[in-house]
């Protein structure tokens, strides 16, 4: 199922431009969809607060994150057991994303789960 | 005895909704089908990704402007971002609504006058037709299918092109 989902994402991003004059509206916010490549190390209690991932999307999507850029951004899981779960990004490197503990641990996420990071604060 | 049974049913319903939505997820839905539809539009307009997702059934299939999202994950990844951009950039005025169905399966048919502007200033002014099917799990309805199209052939073509490109940035 996870592989099938990944294939659908890959197909979706690979589809050719249809050639129509597209509807173009301003993005509501900056965002970067991505896929989890590996889980971070759990702490002593087994809680996970980080993972390794990479941006995925149409042509022009960066190959890696800009270190530190995602601090304070909202991270939402788009697939897997933690579907629709939301976290605040604490820090990031080119490939690792660390979340704050404010929304609990990431436990339940898995490799190939898809997520999106958006430049907007979580409403608390 | 009857009170105990009612309490047990309430606890079971609550448990089911907790199982369906993992910890950390904004578990939402609505007791009235039309409210779920309106809440979904509001979540998009408010840039609330998780809020919008929480109103979708995990069995969601979307038909939208000629494109198909066969899973909720595919919709969340490919088209929800653009729908959010469009919701923020435009005004959706409800023009008509019919509701029906029974039991745990309901439908909500809506037409909206959608107005706004594209990035280059080109006006958007068209009618969007929306069919939504909802499924009740526990006490709450969530969207299990929606189908949108428009009577504006040019907008339909442009939207179809946009939807072939994957998520917006």
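Each value in this text was obtained by applying a stated rule to the coordinates, not by laboratory testing. For clarity, every value in this text was computed on a predicted model and none was experimentally measured. Note that each Cβ is placed from the backbone with ideal geometry, even for glycine, and that neighbours are counted across all protein chains shown.
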Taking a virtual spin label 7 Å from the Cα of residue A:110 along the C-beta vector, which residues in segment B:33-76 bring their backbone nitrogen under 19 Å of it? B:58-60, B:71-76
Förster radius 35 Å - calculated FRET efficiency between residue B:46 and residue B:127, Cβ distance, rounded to 0.05: 0.90
Going from the fewest other Cβ atoms within 10 Å to the most, one would list B:77, B:65 as B:65, B:77
Enter the Cα centre distance for the pair segment B:39-54 and segment B:79-130, rounded to the nearest angstrom. 13 Å
Place a point 7 Å from Cα of residue A:43 in the direction of its Cβ. Which residues in segment A:99-124 have their backbone N less than 19 Å from it? A:99-109
For segment A:34-124, the Cα-Cα pair-distance distribution in 5 Å bins from 0, as whole percents, is 3, 15, 27, 29, 18, 6, 1, 0, 0
Compute the convex hull volume of the Cα atoms of segment B:28-162, divide it by the residue count, and report the result per residue in Å³ as a whole number. 95 Å³
The exposure ranking of B:45, B:31, fewest beta-carbon neighbours within 10 Å first, is B:31, B:45
Approximate spin-label separation residue A:124-residue B:93, in nm, with each point projected 7 Å along Cα-to-Cβ: 4.0 nm
Per-residue mean of C-beta atoms belonging to partner chains within 10 Å, peptide B:75-83: 6
Going by C-beta contacts inside 10 Å, put B:107, B:92, A:73 in order with the fewest on the left. B:107, B:92, A:73
Peptide B:66-73 - average C-beta neighbours from other chains (10 Å radius): 4
